[in-house]
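Structure, as structure tokens:
The values are calculated or read from the model by the stated rules, or taken from the named source; none is laboratory data. Because the structure is a prediction, the values reported are computed rather than measured. All Cβ positions, glycine included, derive from the backbone under ideal geometry; neighbour counts span all protein chains shown. When the accessible area is computed, the model is the full protein with side chains, heavy atoms only, and any ligands, DNA or RNA have been set aside. Shrake-Rupley method; radii C 1.70, N 1.55, O 1.52, S 1.80 Å.
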Amino acid sequence: MIAAAAEKAPDVRPGPDISIIVPCYNEVGNVGPLVAALERALDGRRWEVIFVDDNSPDGTTAAVHAIARTDSRVRGLCRIGRRGLSSAVIEGALSSSAQIVAVMDGDMQHDESRLGALIDAVQSGDCDIAVGSRHVEGGDNSGLANAWRHTLSDGGIKLAQMLLPVRLGDPMSGFFALRQDLFARIAPHLSGTGFKILVDLLLSSPQPLQVQEIACGFRARVAGESKLDALVMLQFVALLLDKLCRGWLPLRFVAFALVGVVGIGTNLLVMHCARALGADFPLAQGIGTVVAMIVNFQLDNNFTYRDRRLRGVRCVWGLLLFMVVCSVGALANVGVADMVYHQSRAFNEASVAGALIAVVWNYAMSSTIIWRP
């Protein structure tokens, strides 16, 4: 058997030195052009590209597999029942045996010609993570589609810079490289939620990481649709809060509480509008409460429980059940607040106690009954 293995040894080829991790969803039109662009950018290097697709309905995985049949450098990982850029990057990076992993989007907006500079910076030992930056000299951010997306991106950058342990001009970048063994060491500490894996890496590392920024352009999207929206930014805020709490509060609970704050604002706004139109207080409060429940359900379905999102008839039944759960939570809120008030006569403490009981009840029931794993 040893002799047989020795005879086969000349046919064994070394694996790649570099793995490009590409999280994607509905990017069928960009798969072929991206592989061709990587071939030009990484000429002379041993590389592979791992497309991690969240079961796109447009046939993204089929397009990856069609290329992979004739090109062993292309691999596809199709995830069923799981969604999210960060978790896709984690699974793709941990599936790699290459020395270096680089991460880039699948929409052709990142300048793949800068991959070599990112890889060289990591290989030289000059840094732990090399980041393709739009906000250093020579960088370009013009590919963001409109002023709204510029505002979202700039706001996220300012928030992240307040918390990061290192100076970084473009913490919202999704284009970076690092050693695979470093990624594997940090991976158990990652939240894996949301779309900003770079910030998660920097905040989750047990030791501060040395970062080098490489000027990079950000092109306009040619095919597919952008996934950057207000819900993505809410997930980003929840991630930052989770890291501030050092993991002792579940990220999903933080997101659920943030949505609850939006619901309170919605309730007050609708109630005042109804009062202005002539409704008495009980009717105005009732209308505001129902509207707030609907808004909260939609936000939780598309944000807090995005990976368990309800659709169709299940969404309708989920809304009805959510309203029942929240109604019980409201009764618990009033009951606990009344009990605490009669014991201590402290209005603020009683109100906070009732609110905490309600949010914990609503979260527990929502996670176990409505959006079951």
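When all alpha carbon pairs of the stretch 18-226 are counted in 5 Å bins from zero, the resulting P(r) reads 1, 7, 16, 21, 22, 17, 10, 3, 1, 0 %.
Put Met108, Met172, Met162 in order of accessible area, highest first, and with a 1.4 Å probe you get Met162, Met108, Met172. At full extension, Val316 and Ala117 could sit 66.6 nm farther apart than now, given 0.36 nm per residue minus the alpha carbon distance. Charge tally for Ala36 (other residues, Cβ to Cβ under 11 Å; Lys, Arg +1; Asp, Glu -1): -2.
Here the stretch 34-97 and the stretch 285-322 have alpha carbon centers that stand 34 Å from each other.
Between Ile80 and Ala36, what is the FRET efficiency for a Förster distance of 30 Å, r being their Cβ-Cβ separation, to the nearest 0.05?
Numbers: r = 28 Å, r/R0 = 0.94.
It comes to 0.60.
Between Ile294 and His272, the simple spin-label model (points 7 angstrom out along Cα→Cβ) gives 2.1 nm.
Peptide packing: for 197-205, 253-261, the average count of neighbouring Cβ atoms within 10 Å per residue gives the ranking 197-205, 253-261, highest mean first.
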